[in-house]
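**Student:** Pasting a structure below so you can have a look.
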Amino acid sequence: MDVRLTYENGTIRVGAGGSDAGEPSLPPLPGVETDPRSGTPRAPAYRYAAIRRALAVAGVSVDDHVLDASDRAAADAGLPDALATDYELREYQREALDAWRDAGDRGVLELPTGAGKTVIAIRAMVELGVPTLVVVPTVDLLDQWQRELEAEFDVPIGRFGGGEQRREAITVSTYDSAYLKAESVGDAFEFVVFDEVHHLGGEGYRDVARLLAAPARLGLTATFERPDGAHETVAELIGERAYALSVDDLAGDHLAPYDIRRIEVELTPDERDRYDAKQGVFVEYVRDAGITFASGSDYQKLVRRSGNDPAAREALLAKSEAREIMMNARRKVDRLESILDRHRDDRVIVFTAHTDLVYRLSERFLLPAITAETGATERREILSRFREGTYGRVVAANVLDEGVDVPDANVAVVLSGSGSEREFTQRLGRVLRPKDDGGRAVLYEVVSAETAEERVASRRR
DNA sequence: TTGACTCAACATCCTTTGCTACAA
DNA sequence: TTGTAGGTTTCCATGTTGAGTCA
């Protein structure tokens, strides 16, 4: 018996081979179901590798055409000979890559920002020598990867995203463009790299991984686990976490040593009155309605309830106002003044959660500001002046957390932020590139005393 | 090519407590 | 009596991004 495998719009079609007519009697194959309309057995494309393994175990001979497009692309580009690198991996990078290869060329590497995840992926591309798709969350990262790959390899680099749709044997793509194109190019790559792979947990983005047939899959992130538990879906699509290092494993060695200093400020009497009143409305509603917050999704229940329960809506609005009061407290701004004084000669990034505060700080301390409203040109200008030293400090909302090439700094001030461990790790990562003078980095965390922010702050650590 | 705009998607959003209806 | 699941079928608000459209 002989089974024919083909790729079709994001699925693997399992059909009879040429040797005998009719449907073959198949061993149980992972993910394969019979399409009710056409009567054809097929599976989501990400099952391709598992199907191949199951058929091999059952001793079934296979007529495999799934990656024909990938093979043609490899031949056209002269792969694998065209891929080479002189770069020597550091010891932990080598260990990480070996762990991934031992896991069957599948899985996620969890390494802190600045640990050199890109070079590990490039080395993996050289070792596999097959057509590869690199998927990233932002256009900024798209540019960075394209530059790196063009510097390293002597082949044209394709690009999906930022207004360009050009496929090559080695191609970089945004998650959004990959989502739009996955069905039509799912058979053209044998290896796929997901940078900042935690994004793949999003409802829509996970389809990108489902529709690609690529058997080799590498996920890169600094923070694999997601509060909503969706990292389990990522593990199913990409593979389990194969290797992990924390910031502390590398600090002092390959990353700068650092201190975290927590500063508590009191609310002003007026802020305290308003905060207690608003927070009280929320807490009272939660208590009366008997809502518990046993799991993360319980908050969603409250939000849904607010759709037709005016009291729930009022409670949420009150909570939102209370949050704003504690996060933008007046004395945080006063405290920032003394921190900026103390670090006159250092390179400082100030992080906030709200854009209003960014502009207030920008006005009061004459700091260049970056928010979502800052255009691409102006943003590049500010970051480049920060890089060359014209600016010694910059203030930003959540913009600089991820996916942007931010110049080196040695002092971070978190005036406000969410309870997200990911956000905190990313912000810390902004000051951890090793310093020429071997100096320590410092992160200040400014928190309003006796507010919910104390809980928020401990959650993210 | 660019810039301004809209739209959709994603992420965070969290108190110190014990209800109510139904099935086994 | 005891133990367990409950329910919705999208979304109070703010911030951020990429893609697409149009001038």
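The values are calculated or read from the model by the stated rules, or taken from the named source; none is laboratory data. The structure displayed is predicted, hence computed values, not measured ones. Counting neighbours? That spans all protein chains shown, and the Cβs are built from the backbone with ideal geometry, glycine included. The protein model used for the area step is the full one, side chains on, heavy atoms only, and it has no ligands, DNA or RNA in it. Shrake-Rupley method; radii C 1.70, N 1.55, O 1.52, S 1.80 Å.
**Student:** Under a no-solvent Debye model with one identical scatterer per Cα of segment A:2-66, what's log10 I(q)/I(0) at q = 0.24 Å⁻¹?
**Tutor:** -1.06
**Student:** Ok, one more. Within the P(r) computed for chain A, what percentage of the Cα pairs occupies the region above 44 Å? It would help to have the intermediate numbers written out before the result.
**Tutor:** Working: 24837 of 106030 pairs.
Counting every Cα pair in chain A, those more than 44 Å apart make up 23 percent.
**Student:** Assign unit charges at the C-beta atoms only (+1 for Lys and Arg, -1 for Asp and Glu), then state the dipole size of segment A:2-66 relative to its Cα centre in Debye, rounded to the nearest 20.
**Tutor:** Values: 7 positive and 8 negative charges, 49 e Å.
Charge dipole, segment A:2-66, about its Cα centre: 240 debye, nearest 20.
**Student:** Here's a follow-up. At each listed q (0.21, 0.26 Å⁻¹), what is the log10 of I(q)/I(0) that the Debye formula gives for segment A:269-327 modelled as equal alpha-carbon point scatterers?
**Tutor:** -0.79, -1.06
**Student:** Among A:LYS278/A:LYS332; A:LYS117/A:LYS435; A:LYS278/A:LYS301; A:LYS117/A:LYS332, which pairs are too far apart, with a Cα-Cα distance over 28 Å?
**Tutor:** On the way: A:LYS278/A:LYS332 20 Å; A:LYS117/A:LYS435 19 Å; A:LYS278/A:LYS301 20 Å; A:LYS117/A:LYS332 36 Å.
Flagged as over cut-off: A:LYS117/A:LYS332.
**Student:** For the Cα atoms of chain A, what angle does the longest principal axis make with the long axis of helix A:139-152, in degrees from 0 to 90, nearest 10?
**Tutor:** Between the helix axis and the principal axis of chain A, the angle is about 50 degrees.
**Student:** Another question, then. Once the Cα atoms of helix A:269-288 and of chain A are each reduced to a long axis, what angle between those two axes, in degrees from 0 to 90 to the nearest 10, is obtained?
**Tutor:** Between the helix axis and the principal axis of chain A, the angle is about 50 degrees.
**Student:** With every protein chain left in place, what is the accessible area per residue of chain A in square angstrom, probe 1.4 Å? Don't skip to the answer; put the middle values down first.
**Tutor:** Numbers: 21260 Å² over 461 residues.
Each residue of chain A exposes 46 Å² on average to a 1.4 Å probe.
**Student:** Right, next: ³J(HN,Hα) across segment A:59-66 via Karplus (A = 6.51, B = -1.76, C = 1.60, θ = phi - 60°), whole Hz, x for Gly/Pro?
**Tutor:** Values per residue, Gly and Pro as x: x, 8, 7, 10, 9, 9, 10, 4 Hz.
**Student:** Just how large is the dipole of segment A:320-442 about the Cα centre, in debye to the nearest 20, putting +1 at every Lys and Arg Cβ and -1 at every Asp and Glu Cβ?
**Tutor:** Values: 21 positive and 21 negative charges, 61 e Å.
Magnitude of the dipole: close to 300 debye.
**Student:** Hey, another quick one. In µm²/s, what is D for segment A:309-381 at 25 °C and 0.890 mPa s, where D = kT/(6 pi eta Rh) by Stokes-Einstein and Rh is the Kirkwood radius from Cα pairs? Walk me through the numbers on the way to the answer.
**Tutor:** Working: Rh = 14.5 Å.
In µm²/s, the coefficient is 170.
**Student:** Between A:GLY438, A:PRO310, A:ALA277, whose Cα lies farthest towards the positive end of the dipole of chain A when Lys and Arg beta carbons carry +1 and Asp and Glu beta carbons carry -1, centred on the Cα centre?
**Tutor:** Comparing the listed Cα positions along the dipole, A:ALA277 ranks first.
**Student:** Then there is this: Indicate, rounded to the nearest 5 percent, the antiparallel portion of the DSSP beta bridges found entirely in chain A. Could the numbers behind the result be given before it?
**Tutor:** Numbers: 14 of 67 bridges.
So the antiparallel bridges amount to about 20 percent of the total.
**Student:** Please express the shape of segment A:218-347 as an equivalent ellipsoid: the semi-axes are the square roots of 5 times the eigenvalues of the C-alpha gyration tensor, given largest first in whole angstrom.
**Tutor:** Details: eigenvalues 242, 185, 20 Å².
Equivalent ellipsoid semi-axes, largest first: 35, 30, 10 Å.
**Student:** Obtain the nm distance between the two label points defined at A:GLU421 and A:GLU284 by a simple spin-label model: each point lies 7 Å from its Cα along the Cα-to-C-beta direction.
**Tutor:** Inter-label distance under the simple model: 3.6 nm.
**Student:** Rank by packing, highest mean first: peptides A:59-66, A:94-101, with packing defined as the count of other Cβ atoms within 10 Å averaged across residues.
**Tutor:** Details: A:59-66: 15.0, A:94-101: 17.8.
Listed from highest to lowest mean packing, they are A:94-101, A:59-66.
**Student:** Additional query: How high is the relative contact order of chain A, given as a whole-number percent (alpha carbon pairs under 8 Å, six or more residues apart)?
**Tutor:** Details: 842 pairs, mean separation 67.8, N = 461.
Relative contact order comes out at 15 percent.
**Student:** While we're here: Tilt of helix A:68-77 relative to the longest C-alpha principal axis of chain A, in degrees (0 to 90, nearest 10)?
**Tutor:** 80
**Student:** For chain A, what is the calculated [θ] at 222 nm in deg cm²/dmol (nearest 500), taking -39500 (n - 2.57) for each run of four or more DSSP H residues and dividing by its residue count? Present the calculation step by step, with values, prior to reporting the outcome.
**Tutor:** Working: 17 runs with 187 residues, N = 461.
So the helix-based figure for chain A works out to -12500 deg cm²/dmol.
**Student:** Dipole size in debye (nearest 20) for chain A around its Cα centre, Lys and Arg Cβ +1, Asp and Glu Cβ -1?
**Tutor:** Values: 60 positive and 82 negative charges, 217 e Å.
Magnitude of the dipole: close to 1040 debye.
**Student:** Please pull out the direction-averaged projected area of segment A:114-222, using the convex hull of its alpha-carbon atoms, in nm² to one decimal place.
**Tutor:** Details: hull surface 24.7 nm².
Projected over every direction and averaged, the Cα hull of segment A:114-222 covers 6.2 nm².
**Student:** Work through the residues other than A:LEU200 whose Cβ is under 12 Å from its Cβ and net out their charges, Lys, Arg +1 and Asp, Glu -1. Write out the running numbers ahead of the final one.
**Tutor:** Numbers: positive: A:ARG206, A:ARG210, A:ARG217, A:ARG226; negative: A:ASP195, A:GLU196, A:GLU203, A:ASP207, A:GLU232, A:GLU236.
With Lys, Arg at +1 and Asp, Glu at -1, the net is -2.
**Student:** Please report the orientation-averaged projected area of segment A:336-461, defined via the convex hull of its C-alpha atoms, in nm². Please report the intermediate quantities before stating the final value.
**Tutor:** Values: hull surface 31.2 nm².
Spelled out: convex hull of the Cα atoms, projected over all directions, averaged, 7.8 nm².
**Student:** Once you put a point 7 Å from the Cα of A:ASP154 and another 7 Å from the Cα of A:THR268, both along the Cβ direction, what distance in nm separates them?
**Tutor:** 6.7
**Student:** Give me the three principal axis extents of segment A:176-237 from the C-alpha atoms, as integers in angstrom, largest value leading.
**Tutor:** If we take the Cα atoms of segment A:176-237, the spans are 33, 20, 17 Å.
**Student:** Lys and Arg at +1, Asp and Glu at -1: add these up for the other residues within a Cβ distance under 13 Å of A:THR233 and post the number. All intermediate terms of the calculation are to be shown ahead of the outcome.
**Tutor:** On the way: positive: A:ARG206, A:ARG210, A:ARG226; negative: A:GLU203, A:ASP207, A:GLU225, A:ASP228, A:GLU232, A:GLU236, A:GLU240.
It works out to a net charge of -4.
**Student:** Within 13 Å, Cβ to Cβ, of A:ARG305, how many net charges do the neighbouring residues add up to if Lys/Arg are +1 and Asp/Glu are -1?
**Tutor:** My count for the surroundings of A:ARG305 gives -1.
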